[in-house]
Amino acid sequence: MEVYFRLISFKSIKFVGMMKVSLIGAGNLATQLGKSLRSAGVPVCQVFSRTEEAASTLAEILDADWLTDITLLRNDADIYVISVKDSVLCSLIPEVCKGREDKLFLHTAGSMPMRCFEGQARHYGVFYPMQTFSKRHDVCFADIPVFIEGNTQETEEQIRNFARRLSRRIFSLSSSDRQYLHLAAVWACNFTNYCYSVASGILDEHGVPFDVLLPLIDETTQKIHNISPAEAQTGPAVRGDRNVMERQLGLMNGKENLQDLYRMLSEGINNLAHSSDLNKKGD
């Protein structure tokens with residue numbers, strides 16, 4: 001099915017006809033973004049990765065060309081989406097933009113500023129879908145909040161129109177505010193998932209399957225749809241139950257890193273509970 005777009009035009013670029021995207025990167029986010037673009041009828045014409053296996057695998061899924069040499073990047077795409085590690089983003093941008101300065105360039109990094117593109121392109125911005133992505137676990141992009149930013153109002157409207165092909169939830173957010181959003185996401189997702197890994201390791205050592213925790217995990221997550229995280233907090237640290245906490249610390253003898261983390265998190269939880277109690281008394 002062909003999908004056509006009639007969007008606001010730049011002086012030197014006009015998205016009339018079929019919009020084409022080049023994906024720079026073939027990691028978790030790029031893979032899910034590429035699949036979602038294809039499902040939305042937006043063709044991905046080329047996939048770049050420094051790793052041949054990653055580039056060719058994603059390109060085959062998207063029916064696109066692939067390359068591992070950025071100098072072979074074609075000029076016929078309308079939008080170049082750069083989805084790579086933060087550590088290589090700024091060094092890769094000049095290579096992607098060279099000779100294509102009038103195209104639209106986007107990066108997908110939550111913690112990197114839009115100004116990475118300054119001096120390299122005329123039309124650029126950020127397309128940051130706030131979600132955790134894995135290559136082998138498909139997601140519904142329609143429900144993912146996408147945070148956008150453009151170097152001009154006109155560019156941002158272009159980005160918004162592009163984002164609408166994928167998501168119902170689109171928000172404008174500055175680079176300064178987006179870094180705090182990303183920080184919050186690291187706490188809410190990455191650190192939480194690490195705790196799942198710790199729990200999984202403890203159960204593995206004693207022959208207990210991890211899936212027995214899934215109802216607990218699901219209930220914990222579901223609960224904060226209706227009440228605040230502070231109200232939802234439970235456990236021995238909330239109650240200040242030192243006997244339980246000392247026994248559990250003893251179960252982790254020889255694992256000093258986990259003991260330190262347990263103490264630090266327990267102290268934070270207890271402080272949160274104490275603060276919440278004080279606030280309630282003040283109401």
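The values are calculated or read from the model by the stated rules, or taken from the named source; none is laboratory data. Note that this is a predicted model, so its numbers are computed, not measured. Every residue, glycine as well, gets a Cβ built from its backbone with ideal geometry; the counts of neighbours run over all protein chains shown.
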Checklist line | Answer residue from segment 134-158, given it is in a strand (DSSP E or B) and not small (Gly, Ala, Ser) and is nearest to residue 27 (Cα to Cα) among those | finding: 137
Item checked: Only listed residue being closer than 22 Å to residue 188 by Cα, in contact with a helix residue (DSSP H, G or I) (Cβ under 9 Å, 6 or more places away or on another chain), small (Gly, Ala, Ser) and without any contact (Cβ under 8 Å) to a residue 60 or more places away in the chain, chosen from 64, 121, 142 -> 142
Check: Within segment 204-213, is there a residue that is β-branched (Val, Ile, Thr) and under 30 Å from residue 109 (Cα atoms)?
Finding: no
Item checked: Residue match in segment 176-192 (condition: surrounded by 15 or more Cβ atoms within 10 Å (Cβ to Cβ), touching a residue at least 12 places away in the same chain (Cβ under 8 Å) and under 20 Å from residue 225 (Cβ atoms)) -> yes
Next item on the list: Please work out if residue 83 is touching a residue at least 40 places away in the same chain (Cβ under 8 Å), touching a Gly at 6+ places or on another chain (Cβ under 9 Å) and small (Gly, Ala, Ser).
Entry: yes
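Can we say residue 56 is touching a strand residue (DSSP E or B) at 6+ places or on another chain (Cβ under 7 Å), at negative phi, surrounded by fewer than 20 Cβ atoms within 10 Å (Cβ to Cβ) and hydroxyl-bearing (Ser, Thr, Tyr)?
In short, yes.
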Next item on the list: Please give the number of the condition residue 166 fails out of (1) assigned to a loop (DSSP other than H, G, I, E, B); (2) closer than 30 Å to residue 115 by Cβ; (3) outside the structural domain of residue 143 (by the TED database).
Entry: (3)
Next item on the list: Of the conditions (1) surrounded by fewer than 12 Cβ atoms within 10 Å (Cβ to Cβ); (2) more than 24 Å from residue 36 (Cβ to Cβ); (3) charged (D, E, K, R); (4) in the same structural domain as residue 102 (by the TED database), residue 143 clears all except one; give me its number.
Entry: (2)
